[in-house]
Amino acid sequence: MAQHVCSLKFDAERDGGSLSVASGDAYHLVPFPYGSAESYDPDNMHAETRGGTRHPFPSDRASALIWPGHQAWGRLYAMIQWETASGGAATELRDQFARDPLGKIDTTCTEHRRASPGMQCFAKSWAIFVSPDVPLGLRVAHNASRSLDVVLAEFKLEYEA
């Protein structure tokens, strides 16, 4: 069996600015850059062009997706760093993994956390069955009175097939 890994990283300093997330109950997909900006994607599970259609980062929601290459028992990992906020800061930060987030969404590993003093840095992992016809995404939300920025995020899938 071969190990397959897709490891994506968004870094506001490197990738042209923060990702602004509107306040409210709605979850938002976290997009990730393509190509050399990625940490690791030898199996092309995060391709900018899929099915003949280009999905530019960050404007196209599909730039948030990992498409597994096989049906397997997979392990998902994420790390999210929110801006250090003052006035109107969130009292709750939310994140979740989602299967088929642009279609018939199925969420898992949803977490709601209280904001802590200082930086808001969170990491998570979860194991699920993955399939080539079901893309995966990382979604975030918050309850601040204004938009907040994600300044660093990582999203990873690992499985053996």
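The values are calculated or read from the model by the stated rules, or taken from the named source; none is laboratory data. Computed from a predicted model, the values in this text were never measured in an experiment. Reconstructed Cβ throughout: ideal geometry from the backbone, glycine too, with neighbour counts over all protein chains shown. To get the accessible areas, we keep the full protein, side chains included, count just its heavy atoms, and leave off ligands, DNA and RNA. Shrake-Rupley method; radii C 1.70, N 1.55, O 1.52, S 1.80 Å.
Things to note:
- Residue in the stretch 100-120 that is in contact with a Phe, Trp or Tyr (Cβ under 6 Å, 6 or more places away or on another chain) and buried (at least 19 other Cβ atoms within 10 Å of the Cβ) present: yes
- Restricting attention to the stretch 32-50, the residues being out of contact with any strand residue (DSSP E or B) (no Cβ under 7 Å at 6 or more places or on another chain), open to solvent by less than 30 Å² (accessible area, probe 1.4 Å) and in a loop (DSSP other than H, G, I, E, B) number 1.
- Qualifying strands (runs of 3 or more DSSP E) (wholly inside the stretch 94-144; at least 1 residues being in contact (Cβ under 8 Å) with a residue 24 or more places away in the chain and within 16 Å of Glu83 (Cα to Cα)): 120-130, 136-142
- Test result for Asp133, within 25 Å of Tyr34 (Cβ to Cβ), open to solvent by less than 70 Å² (accessible area, probe 1.4 Å) and either under 13 Å from the mean Cα position of the chain (by Cα) or of a type outside the set (A, V, I, L, M, F, W, C) (or both): no
- Set His55, His28: member being farther than 25 Å from Arg146 by Cα, surrounded by 15 or more Cβ atoms within 10 Å (Cβ to Cβ) and modelled with pLDDT of 95 or more: His55
- Within the stretch 6-25, the set of residues being in a strand (DSSP E or B) and either among the aromatic types (Phe, Trp, Tyr) or crowded, with 16+ Cβ neighbours inside 10 Å (or both) comprises Cys6, Ser7, Leu8, Lys9, Phe10, Leu19, Val21.
- Residues in the stretch 113-141 that are at pLDDT below 95 and touching a strand residue (DSSP E or B) at 6+ places or on another chain (Cβ under 7 Å): Arg113, Arg114, Ala115, Met119, Gln120, Cys121, Phe122.
- Scanning the stretch 29-65 for residues that are touching a residue at least 60 places away in the same chain (Cβ under 8 Å) and in contact with a helix residue (DSSP H, G or I) (Cβ under 9 Å, 6 or more places away or on another chain) yields a count of 3.
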